[in-house]
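In what follows, a structure is listed as structure tokens, so that the remarks can point back to it.
The numbers here are math on the coordinates, done by the rules we state, and not lab data. It should be emphasised that the depicted structure is a prediction, and the values quoted were computed from it without experimental measurement.
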Amino acid sequence: MRADRSSRLLVATDGLLKYASRATISALARTGDVQTAVGALIQAVTLPSGNLHDDVAVVLGEHVA
């Protein structure tokens with residue numbers, strides 16, 4: 001029996017890409033369902049005050065085969 005395979009495509013602004021490492025982004029983009037992963041990506045660049053360094057926009061799409 002084959003396990004379900006999926007792939008994800010991330011499109012994000014520099015507000016994410018400048019303030020999180022590629023390794024962190026890659027790991028978080030694969031975490032849980034798409035909604036959970038997007039929340040984790042935004043949380044990764046959120047300051048303790050709740051503010052962001054820069055505007056952040058994230059689109060994460062998933063293809064399930």
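A few notes on this one:
- Cα long-axis angle, helix 34-44 against the chain (0 to 90 degrees, to the nearest 10): 30
- Our estimate of slack between A27 and V64, defined as 0.36 nm per intervening residue step minus the Cα-Cα distance, is 11.5 nm.
- Helix-derived mean residue ellipticity, 222 nm - over the chain, DSSP H n ≥ 4, -39500 (n - 2.57), to 500: -9500 deg cm²/dmol
- Size of the chain as Cα extents on the principal axes (Å, biggest first): 47, 19, 18
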